[in-house]
1. Which loop chymotrypsin sites (Phe, Trp or Tyr not before Pro) in region 76-114, with loop taken from DSSP, have no more than 12 other Cβ atoms within 10 angstrom of their Cβ?
2. Using a ≥ b ≥ c from the Cα gyration tensor of region 176-288 (square roots of the eigenvalues), is it rounded, prolate or oblate, where a/c under 1.5 gives rounded and otherwise the larger of a/b and b/c decides, a/b for prolate?
3. In a shell of Cβ-Cβ distance under 12 Å around Ala161, excluding Ala161 itself, what net charge do Lys and Arg (+1) and Asp and Glu (-1) give?
4. Stokes-Einstein at 20 °C, 1.002 mPa s, Kirkwood radius from Cα pairs: D for region 138-193 in µm² s⁻¹?
5. Give the ranking of Leu124, Leu49 by solvent-accessible surface, highest area first, calculated with a 1.4 Å probe.
6. For the pairs Lys185/Lys214; Lys133/Lys275; Lys133/Lys203; Lys100/Lys133; Lys100/Lys214, note any where the Cα-Cα span goes beyond 21 Å.
7. Give me the net charge of Leu195's neighbourhood, meaning all other residues with Cβ under 11 Å from the Cβ of Leu195; Lys, Arg count +1, Asp, Glu -1.
8. Would you give the gap between the C-alpha center of region 216-256 and the C-alpha center of region 49-84, rounded to a whole Å?
Amino acid sequence: MDETEPEVNTSIQVERTGLDAKKFAPSTGAAFDKPQPCPPAASESRWPLSPARPDLARDEIHAWCAVLDELASDLPAFAETLSAGERQRAERFKFDRDRKRFIARHGLLRMILGRYLNIQPARLSFTCESRGKPALAGTLDGGTLHFNLSHSDGLALFAVARRFALGVDVERVRPIPEIDQIAGKFFSARESAMLNALPAEHKLEAFFNCWTRKEAYLKATGEGIADALAQIEVSLAPGPAAQLLHVAGDAREASSWSLHPLAPAPGFTGAVAVKARDLKLACWRWPENFPAARSLR
């Protein structure tokens, strides 16, 4: 791959994290600058450890989670798989922790995709689709995969499918002082009404359910968050199955999509959106100190 502008654009899109409360809240957002708890250890996730060679059927979605800060011993192996453009982007981070997390999640993405395609991770090339969504540029055996990546507070979430476009989002659930203002700006009137009708103890969970489900859909389509977020209507109440209700008022278009709620670790919520119905979902966690780079050599 030509390591020039296309990869820069791909990196920008794959790194979009969704809810930035300091950006979206109507006030200064000072309350969000307080120190936050560290993400949970990988051992706290209820997802099973990943198999060495996962078999992804055509009617399946696989989701992966990983706690990036636990993968320090594998950083050199991850860095070896990155392209020149990805290494340059990593070096632009001001803080060492952010640089290491970038290397880990991009290295993990390559490791995961390489396993499914039986290709060395460093040989994978990426491009951008028409709306800027990252995609594989082409593979040695003629196969391909649809994929997406999200991260929040050191927890990375990946989703992979063979036949269908998909998007994934994850957020750490934390207090949002201006939850009503944010919902009023980025949720539909119906969603805001559903949120306000819930008991206070369920409101925060419902807010993050709504956000991650909408964002997963928008990442699947490649649409911009600022322009389309309020036009996507989803279910949000804790408990019932996740649903995409309307896309710009169109229930028929929404019915061709499915939403899967994800709970990768305590204190985090996520969702994967896919343009298909009745797919099977399998969830894995990437184990600490996995011999990452050696698996495909």
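The values are calculated or read from the model by the stated rules, or taken from the named source; none is laboratory data. From a predicted model like this one, the values you see are computed outputs, not experimental measurements. As a convention, Cβ positions derive from the backbone with ideal geometry for all residues, glycine included, and neighbour counts pool all protein chains shown. Protein only, heavy atoms only, side chains kept; ligands, DNA and RNA dropped before computing areas. Shrake-Rupley method; radii C 1.70, N 1.55, O 1.52, S 1.80 Å.
1. Details: sites: Phe78, Phe93, Phe95, Phe102; in loops: Phe93, Phe95.
Loop-located and lightly packed - Phe95.
2. On the way: a/c = 1.62, a/b = 1.11, b/c = 1.46.
Oblate.
3. Working: positive: Arg58, Arg162, Arg163, Lys275, Lys280; negative: Asp59, Glu60.
Neighbour charge sum, excluding Ala161 itself: +3.
4. Details: Rh = 14.4 Å.
D, rounded to a whole number, is 149 µm²/s.
5. Working: Leu124 10, Leu49 95 Å².
Heavy-atom accessible area, descending, gives Leu49, Leu124.
6. Working: Lys185/Lys214 14 Å; Lys133/Lys275 15 Å; Lys133/Lys203 31 Å; Lys100/Lys133 24 Å; Lys100/Lys214 29 Å.
Pairs exceeding the cut-off: Lys133/Lys203; Lys100/Lys133; Lys100/Lys214.
7. Numbers: positive: Arg190, Lys203; negative: Asp180, Glu191, Glu205.
My count for the surroundings of Leu195 gives -1.
8. 28
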